[in-house]
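The values are calculated or read from the model by the stated rules, or taken from the named source; none is laboratory data. Predicted model, so just to flag it, every value in this text is computed and none were measured. Methodologically, a virtual Cβ is constructed for each residue, glycine included, from the backbone with ideal geometry; neighbour enumeration extends over all protein chains shown.
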Amino acid sequence: MTETQPSPISNLLERARSGDNAAREALFDKCRNYVAVVARLQVESWLQAKVDASDVVQQTLLEAHRGFEQFRGESEGEWLGWLRRILTNNSRDFVRHYKGTQKRAAGREIPIRDADSEFPGPFAIELSDPGASPSQIVIQHESEIELADAMSRLAEDHQEVILLRNVQRLPFAEIGRRMQRSGPAVQMLWMRAIKNLQASLKDPSQD
């Protein structure tokens, strides 16, 4: 978006603040996939386990709805940052609850690391991976909302391998351990996932 062309999120924010309930619903609906991706990323980063973060998503959106008048920003970046702050608090509560229920079975503490150092800000796919083709490097330039929407259209295992490899920056051996696959199998899965993500970004109608 250029400086003279506000983003769709900014337009929806302005209309929602003026009392347009339809715009307010559209605003939250447009951000749902983004919140879902970031929730999964935060929770799984802290727990190092695949868990259902849907309750965190629902709670975050509900609190944002209720506290909408408290938001003082105007831009898309400020709005997404506000949602992330609410989400981080809810993710911490979720992890503490999960840790309490799993501690005895796991036999050890599950640490909750500092949110700012573990997840510093906007959700982004970084493809500085050795061997990545030039055509793959376009993904980090997409908007966060578009990227999250494209991610939501991928198969579950494709989402997981991209989050682990390109966001958490884990080596293929560790990803294979978490996904219970061999390193080479995970690498092939990742290549297919990136290809499908690019296709989804170019054509949202594609699976």
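When N89 is tested against (1) surrounded by fewer than 12 Cβ atoms within 10 Å (Cβ to Cβ); (2) modelled with pLDDT of 60 or more, just one condition goes unmet, and that condition is (1).
When V37 is tested against (1) within 27 Å of A155 (Cβ to Cβ); (2) more than 16 Å from the chain's Cα centre (by Cα), just one condition goes unmet, and that condition is (2).
Residue by residue, here is whether (1) β-branched (V, I, T); (2) part of a loop (DSSP other than H, G, I, E, B); (3) in contact (Cβ under 8 Å) with a residue 24 or more places away in the chain; (4) in contact with a Leu (Cβ under 8 Å, 6 or more places away or on another chain) holds:
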| site | (1), (2), (3), (4) |
| --- | --- |
| I9 | yes, no, yes, yes |
| L13 | no, no, yes, yes |
| E25 | no, no, no, no |
| R32 | no, no, yes, yes |
| A36 | no, no, yes, no |
| L41 | no, no, yes, yes |
| D52 | no, yes, no, no |
| E69 | no, no, no, no |
| R72 | no, yes, no, no |
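Within the stretch 174-198, residues that are assigned by TED's automatic domain parsing to the domain that holds Q159 and modelled with pLDDT of 90 or more have Cβ atoms under 6 Å from residues that are loosely packed, with under 14 Cβ neighbours inside 10 Å and not in a helix (DSSP H, G or I) in these pairs: G176/S182, counting only partners at least 6 apart in sequence or on another chain. Candidates are the residues of the stretch 45-76 that are surrounded by fewer than 12 Cβ atoms within 10 Å (Cβ to Cβ) and under 15 Å from the mean Cα position of the chain (by Cα); the one that is modelled with the highest pLDDT is S54. Would a scan of the stretch 188-202 turn up a residue that is assigned to a helix (DSSP H, G or I) and over 21 Å from the mean Cα position of the chain (by Cα)? Within the stretch 188-202, one or more residues are assigned to a helix (DSSP H, G or I) and over 21 Å from the mean Cα position of the chain (by Cα).
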